Amino acid sequence: MNKRRWMKAALAVGCIGLMAWAVLALRANRQMAAEVPGLHGKERVLLRIWVVNAPGGGQAWLKKQLRQFEKRHPGVSTYLRLVTADALTEPGAVLPDVVLSMPGDVTAPGECFLPLSGDMTAREDGLVREELLRCGRWRGAQYALPLCWGAWVLAVDGSLEPGSAATPAPTTLLGKPAATSDAAATPEPPYPMAAASQADCALQAPGGAALFTLGLLLKEHPPLPEDFATLSAADVYAAFSRRQCASAMLTTGQTTAFAGLTSAGSGFPFRVMTAEEVITDQVWLASITPDAPREAALLVSYLVSTDAQKALFDQGLHTVRSDLTLYTAGMSARVEQAARRALTAINAYVDGEAVRAAAWQFFQGRLSLSEALLPLM
């Protein structure tokens, strides 16, 4: 019996020793793994980006810049998703890290966005324009940083002016303005009021901010259709491209796209009238959500960097930086010059109905421009 007890005790001691050795071996392996380079994968961060709305050409620019950002930050990946504005306020919604939107998409930014710190609005070698920063400011807090902008212009069908140089601004195959030197300084002919008034539909425009620019361009207007200022911007573009209206208020993005079609033989000759100042709601804004990682701020800051902003040229979009000039000719140069004289961006978080009402009152001559714009800034 003593011998058996001795054997059981020896076996128990052996098991305890084996367990102790296994624990020590595991610790040693972990220590070796920590010391040997290359055994640990790099910690990666996934930035989730939602696009609620975008100007023409904006998404193409963004996708290229996201690739550039990932190259500069090897530990960061980006995921891009298109959503509706309702996705931001759905019950139980898990918000992304960065949201890109335009004026009118969000009316309560404090419920889903984080106020931005002051150093995100100033870069080492330049500044984001204050007129555009105000677009993303609400009740004293900066909820969005502007990334780029477009404007409203009046497109006139070349058939209204036979024999005139009714052709789009010089373009490359990509539809961006060619670098001629004097087109921006060429005086614009007046609106062909008599010819337009004979058309079945002389003029179309969406409601809202487009009417501010139209009111600056035309002190009198031709007969207006019953659905004037009720169509969406997309429907107005479609009507003009089908020659269902002789002139139309288009965004600069739409005009650039149609100029590309015309250059390729799919459109028709037209010209563009630009106002002496820019009043726009075509501003693309980037916001950060409360739980976003620090890399979200790095991305937004990169998108307003010099390199990223210069790339807006490829899409006919305009820079938010005060230290850059992108265009030398054509419609884009004229718009850029007008913005240097005076630029007003409608506040992103003002109710859209208020914008439409104020713009209509100005267009009808019932309010001065300053009276109409003041509540919208």
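Spelling out what I want: for every residue of the stretch 297-304, take phi, set θ = phi - 60°, compute 6.51 cos²θ - 1.76 cosθ + 1.60 (Karplus), and round to whole Hz; glycine and proline get x.
5, 5, 5, 4, 5, 5, 5, 9
Pairs of alpha-carbon atoms within less than 8 angstrom and 6+ residues apart define the contacts here; what relative contact order does the stretch 287-365 have, in percent? Present the calculation step by step, with values, prior to reporting the outcome.
Values: 26 pairs, mean separation 10.8, N = 79.
Dividing the mean separation by the residue count of the stretch 287-365 yields 14 percent.
Could you do me a favour and compute the accessible area per residue for the stretch 278-377, 1.4 Å probe, result in Å²?
37 Å²
Which FRET efficiency value, to the nearest 0.05, do you get for Leu224 and Ala85 by plugging their Cβ-Cβ distance into 1/(1 + (r/R0)^6) with R0 = 45 Å?
Working: r = 30 Å, r/R0 = 0.67.
The value I calculate is 0.90.
Can you pull the one-decimal nm distance between simple spin-label points at Ser117 and Arg294, each 7 Å off the Cα toward Cβ?
About 0.9 nm separates the two model spin labels.
At R0 = 35 Å, how high is the FRET efficiency between Ala264 and Glu130 if r is their beta carbon distance? Nearest 0.05 is fine. Working shown, then result.
Numbers: r = 39 Å, r/R0 = 1.12.
Rounded to the nearest 0.05, the efficiency is 0.35.
Please give the solvent-accessible surface of Arg334 in Å², to the nearest 10, using a probe radius of 1.4 Å with every protein chain present.
It works out to around 40 Å².
Find how much the distance from Val94 to Ala194 grows on full extension, using 0.36 nm per residue of separation minus their present alpha carbon separation; answer in nm with one decimal. Kindly include the intermediate steps, with their values, before the conclusion.
Working: separation 100, 0.36 × 100 = 36.00 nm, distance 5.60 nm.
Full-extension gain reported as 30.4 nm.
Provide the gained length on full extension for the span Ala357 to Asp314, in nm with one decimal, where the gain is 0.36 nm per separating residue minus the Cα-Cα distance. Show your work: numbers first, answer last.
Details: separation 43, 0.36 × 43 = 15.48 nm, distance 3.48 nm.
Extending this stretch completely gives an extra 12.0 nm.
Where does each of Thr328, Thr319 land when they are ordered by accessible area, with a 1.4 Å probe and the largest first?
On the way: Thr328 85, Thr319 10 Å².
Solvent-accessible surface, decreasing: Thr328, Thr319.
5 Å is the cut-off here: which amide hydrogens, built 1.01 Å from N in the peptide plane, fall below it relative to Ala151, excluding neighbours closer than 5 in sequence?
Thr252, Gly253
Could you run the Karplus curve 6.51 cos²θ - 1.76 cosθ + 1.60 with θ = phi - 60° over the stretch 328-339 and give me ³J(HN,Hα) per residue in whole Hz, x for Gly and Pro?
10, 7, x, 4, 4, 5, 5, 5, 4, 5, 5, 5
List every residue whose amide H lies under 5 Å from the amide H of Cys201, counting only residues 5 or more places away in sequence or on a different chain, with H placed 1.01 Å from N in the peptide plane.
Ala246
I'd like the FRET efficiency for Ser368 and Thr328, computed as 1/(1 + (r/R0)^6) with the beta carbon distance as r and R0 of 30 Å, rounded to 0.05.
On the way: r = 34 Å, r/R0 = 1.15.
According to the calculation, E is roughly 0.30.
When only the heavy atoms of the protein chains count and the probe is 1.4 Å, how do His318, His73 rank by accessible area, highest first?
Values: His318 0, His73 60 Å².
Ranking His318, His73 by accessible area, largest first, yields His73, His318.
Would you tell me the accessible area of Leu214, worked out with a 1.4 angstrom probe on the heavy atoms of the protein chains, in Å² to the nearest 10?
Rounded to the nearest 10, the figure is 0 Å².
The values are calculated or read from the model by the stated rules, or taken from the named source; none is laboratory data. Being a predicted model, the structure only gives us computed values, none of them experimental. In this analysis, Cβ positions are derived from the backbone assuming ideal geometry, glycine residues included, and neighbour counts consider all displayed protein chains. We work out accessible area using only protein heavy atoms, side chains counted, and drop any ligands, DNA or RNA first. Shrake-Rupley method; radii C 1.70, N 1.55, O 1.52, S 1.80 Å.
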